[in-house]
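Scroll down for the structure; my scribbles are underneath it.
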Amino acid sequence: NNFQMMQSMHFDQELNTRGLKCPLPILKCKKALAELSPGQVLKAYATDNGAVKDFQAFCNQTGHVMLSLEEAKEGDTTIYIFHIQKKAA
């Protein structure tokens, strides 16, 4: 299944924004990416339904690269899992 495949994708830092509402996931993502070096990968978890659009727009506006977007289920909750690569300097 996709979830196993995704688990093996390389990342440098994890960010958990489960339970947070827009715009907090993006703000935390922005802060986390600021601390990474160009080319490093942030793995972010979000449960807010708006997060998918927000993260896509954020990447389009900033030049960071969304390497993957997966959905996982935890009980009744859908978790969106993003791998975002920090843009080159």
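The values are calculated or read from the model by the stated rules, or taken from the named source; none is laboratory data. Since we're looking at a predicted model, the values are computed, not measured. In case anyone asks, the SASA skips ligands and DNA or RNA and just uses the protein heavy atoms, side chains included. Shrake-Rupley method; radii C 1.70, N 1.55, O 1.52, S 1.80 Å.
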Solvent-accessible heavy-atom area per residue, rounded to whole Å², over the chain at 1.4 Å: 59
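Which order do you get for LYS43, LYS30, LYS73, LYS87 if you rank them by accessible area with a 1.4 Å probe, largest at the top?
Numbers: LYS43 5, LYS30 120, LYS73 140, LYS87 90 Å².
The ranking, largest first, comes out as LYS73, LYS30, LYS87, LYS43.
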Gain in span if fully extended, LYS31 to LYS87, counting 0.36 nm per residue against the direct Cα distance: 18.8 nm
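Hey, any idea what % of the chain's accessible area is carbon plus sulfur with a 1.4 Å probe? Numbers along the way, then the final one.
Numbers: 2660 of 5270 Å².
Looking at the chain in its full context, I get 50 percent from C and S.
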Among (1) 1.14; (2) 1.21; (3) 1.01, the entry that matches Cα Rg over 2.2 N^0.38 Å as calculated here: (3)
Among beta bridges that DSSP assigns inside the chain, antiparallel share in %, nearest 5: 75
